[in-house]
Amino acid sequence: MDGNSIQILVAMICYMAAVICIGLIFAKRANQSSENYFIGGRSLGPWIAAMSAEASDMSGWLLMGLPGLAYWCGIADAAWTAIGLALGTYFNWLLVAKRLRRYSYVANNSITLPDFFSNRFKEKKKVLMLISSLFILVFFAVYAGSCFVTCGKLFSSLFNADYHVMMIIGALFVLAYTFLGGFLAESASDFMQAIVMIFALVVVLVLGTLNAGGLNAVIDNAQNIPGFWSFFATASPEIGADGMQVVSSAGQPVFGAEDAYGILSVLSTVSWGLGYFGMPQVLLRFIAIRKADELTKSRRIATVWVLISLGAAVMIGVVGRAMMPTAHLTASSAENIFSSMASVLMHPLLAGIVMAGILAATISSSDSYLLIAASSLSKNIYQGILRRNASDKQVMRVSRITLLAVALVGMLIALDENSIIFNIVSFAWAGFGATFGPIMLFSLFWKRTTRAGAIAGMVSGGAMVFIWNLLIKPLGGVFGIYELLPAFLFSCIVIIVVSLLTPKPSDEVQAEFEAAKQAD
């Protein structure tokens, strides 16, 4: 390891130490009760609610997956994804946030999503609670895997170390941190990490643009690659027999003819925004905020952060193609373009802080995933179904065992160092969006929704993600769209049809629905 790498490592260790300190500060309060551990006693302020929601949502794919996608095939896929996510962020805060904060409190003070769905429909047999908890465990294990891939790629590329060793070290750090402080530590550190992430993105974008010869030079380079600088076409890197992009004798990457990017592809990609309505790590911030009226301020903060961060991430990929055209010759390697640029452009200590932005994104997401998965099994399945008289102490013990189990599954998923972070995240995102998004919207806004409709919609949405991704999408053509869109629409249809075919909800359920609308 050379002197520069040591300085980068020192800066990152200092950052990690600061994160651990936050965990220790909040550890005592977090362990007072399961409510404090899982949602911080509903005490989040508007800034922490907004910034922690976005930091935990974006994860390492914002600094690695999205720039890598733009670097590899141009702006169309990356930009339309960013547009969909920006719209989804805004409308989720606008439509869902206040209503969920109020309804979750009215519905027997629900502190997890499975709690809310079960209490919303006054379940005696906890079928909704069980199904939603199991889906959370499955998809968050996949999500955790994507975060551990990020850790492995980052550290192995920076320090020329073994990917698997670095991945395991990163996973163990996240696990230890989540053990300590629970939701409050997670949210407080996510606030800091959101600041680090946006700082890292903006600094690398500005310095990279200057290094590449200015904005005009960056755009000229992008326009010279067929389909690269277009919203309705994508670039097509020419791949050689060795599986890497071909480089010409002049030292330039070779691209084939552009591929069309039609309206169906646009709708498919923009549909990423639908995922927000079912994203547990974001929805929990709505439940945990101190006062519902503070969510308006949170919405504005979150929207501005997302617009700047997503825009910068896409453009870093474009700038990277101009600055380092042959640095990364596979789609998987392209996801290191952000760290490559930071290493070249900055003093090692500053580069270490910027690299901490990737670590920040990874930690802020993976701790959320592990914590929510743990709450689903310990609070909802163990205490809610298997042992209803379980004490808080027992619930906390089971939650920590669950943390270990989910982290181990995530590490197994992350063993393949050629995994593409963007692809892993897109599948888990579709899973949550289609499983929980439709039923969340119908639960909050349609009084006629029945428990049977909720169960059918949740199962059909989650199942359709697997069916479409594994069986239908490979057919190509019109079937090649992102699985979230058809699965989300199918779940909506099923909820409506089944609810209309089954008896109306009880008077008690309908009265509580009306009470939630009037709640403070």
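The values are calculated or read from the model by the stated rules, or taken from the named source; none is laboratory data. All values reported here derive from a predicted model rather than from experimental measurement. Positions of Cβ are generated from backbone atoms using ideal geometry, with glycine treated the same way; all protein chains shown enter the neighbour counts. The protein model used for the area step is the full one, side chains on, heavy atoms only, and it has no ligands, DNA or RNA in it. Shrake-Rupley method; radii C 1.70, N 1.55, O 1.52, S 1.80 Å.
Would a scan of segment 64-79 turn up a residue that is more than 26 Å from residue 237 (Cα to Cα) and either among the hydrophobic types (A, V, I, L, M, F, W, C) or modelled with pLDDT under 95 (or both)?
If we filter segment 64-79 for residues that are more than 26 Å from residue 237 (Cα to Cα), which is where we start, we get none.
No, there is no match, as no residue in segment 64-79 is more than 26 Å from residue 237 (Cα to Cα) and either among the hydrophobic types (A, V, I, L, M, F, W, C) or modelled with pLDDT under 95 (or both).
What is the number of the single condition among (1) part of a helix (DSSP H, G or I); (2) within 21 Å of residue 107 (Cβ to Cβ); (3) open to solvent by 30 Å² or more (accessible area, probe 1.4 Å); (4) modelled with pLDDT of 95 or more that residue 515 does not meet?
Failing condition for residue 515: (4).
Taking residue 369 as meeting all but one of (1) at pLDDT 75 or above; (2) of a type outside the set (Val, Ile, Thr); (3) surrounded by 24 or more Cβ atoms within 10 Å (Cβ to Cβ), write down the number of the exception.
Tallying (1) at pLDDT 75 or above; (2) of a type outside the set (Val, Ile, Thr); (3) surrounded by 24 or more Cβ atoms within 10 Å (Cβ to Cβ), residue 369 fails exactly one: (1).
Quick check on this structure: which one of 229, 272 is modelled with pLDDT under 95 and among the aromatic types (Phe, Trp, Tyr)?
Values: 229 fails: modelled with pLDDT under 95.
Answer to the selection: 272.
Give me the residue from segment 275-291 that is open to solvent by 10 Å² or more (accessible area, probe 1.4 Å) and in contact with a Lys or Arg (Cβ under 9 Å, 6 or more places away or on another chain) and, out of that set, modelled with the lowest pLDDT.
290
Residue-by-condition table, conditions (1) within 24 Å of residue 129 (Cβ to Cβ); (2) among the polar types (S, T, N, Q):
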position	(1), (2)
396	yes, no
407	yes, no
417	no, no
424	no, no
444	yes, no
473	no, no
478	no, no
491	yes, yes
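Hey, can you tell me all the residues within segment 453-510 that are of a type in the set (D, E, K, R), open to solvent by 70 Å² or more (accessible area, probe 1.4 Å) and in contact with a Lys or Arg (Cβ under 9 Å, 6 or more places away or on another chain)?
So in segment 453-510, the residues of a type in the set (D, E, K, R) come out as 473, 483, 504, 507-508.
Those still in the list that are open to solvent by 70 Å² or more (accessible area, probe 1.4 Å) too: 504, 507-508.
Of everything in segment 453-510, those that are of a type in the set (D, E, K, R), open to solvent by 70 Å² or more (accessible area, probe 1.4 Å) and in contact with a Lys or Arg (Cβ under 9 Å, 6 or more places away or on another chain) turn out to be 504, 508.
Looking at 447, 504, 473, which is the one that is modelled with pLDDT of 90 or more, charged (D, E, K, R) and in contact with a Gly (Cβ under 7 Å, 6 or more places away or on another chain)?
Numbers: 447 fails: in contact with a Gly (Cβ under 7 Å, 6 or more places away or on another chain); 504 fails: in contact with a Gly (Cβ under 7 Å, 6 or more places away or on another chain).
Just a single option satisfies the conditions, and that option is 473.
Of the conditions (1) in contact with a helix residue (DSSP H, G or I) (Cβ under 7 Å, 6 or more places away or on another chain); (2) farther than 26 Å from residue 57 by Cβ; (3) in contact (Cβ under 8 Å) with a residue 24 or more places away in the chain, residue 261 fails just one. Which one is it?
Condition not satisfied by residue 261: (2).
Between a first residue in segment 139-154 that is in contact (Cβ under 8 Å) with a residue 60 or more places away in the chain and a second residue that is open to solvent by 10 Å² or more (accessible area, probe 1.4 Å) and charged (D, E, K, R), which pairs have beta carbons less than 7 Å apart while being 6 or more apart in sequence or on different chains?
Pairs that qualify, where the first residue is in contact (Cβ under 8 Å) with a residue 60 or more places away in the chain and the partner is open to solvent by 10 Å² or more (accessible area, probe 1.4 Å) and charged (D, E, K, R), are 152/417.
Out of (1) under 20 Å from the mean Cα position of the chain (by Cα); (2) at pLDDT below 80; (3) under 29 Å from residue 156 (Cβ atoms), the odd one out for residue 353 is which?
(1)
If residue 463 satisfies all but one of (1) in contact with a Pro (Cβ under 9 Å, 6 or more places away or on another chain); (2) free of Cβ contacts under 8 Å to residues at least 12 places away in the same chain; (3) farther than 21 Å from residue 81 by Cβ, what's the number of the condition it fails?
Unmet for residue 463, out of (1) in contact with a Pro (Cβ under 9 Å, 6 or more places away or on another chain); (2) free of Cβ contacts under 8 Å to residues at least 12 places away in the same chain; (3) farther than 21 Å from residue 81 by Cβ: (1).
Look at segment 373-395 and say how many of its residues are open to solvent by 10 Å² or more (accessible area, probe 1.4 Å) and assigned to a helix (DSSP H, G or I).
Adding up the residues that qualify gives 11.
Looking at (1) in a helix (DSSP H, G or I); (2) aliphatic (A, V, I, L, M); (3) open to solvent by 20 Å² or more (accessible area, probe 1.4 Å), find the lone condition where residue 407 falls short.
In the conditions (1) in a helix (DSSP H, G or I); (2) aliphatic (A, V, I, L, M); (3) open to solvent by 20 Å² or more (accessible area, probe 1.4 Å), residue 407 misses (3) alone.
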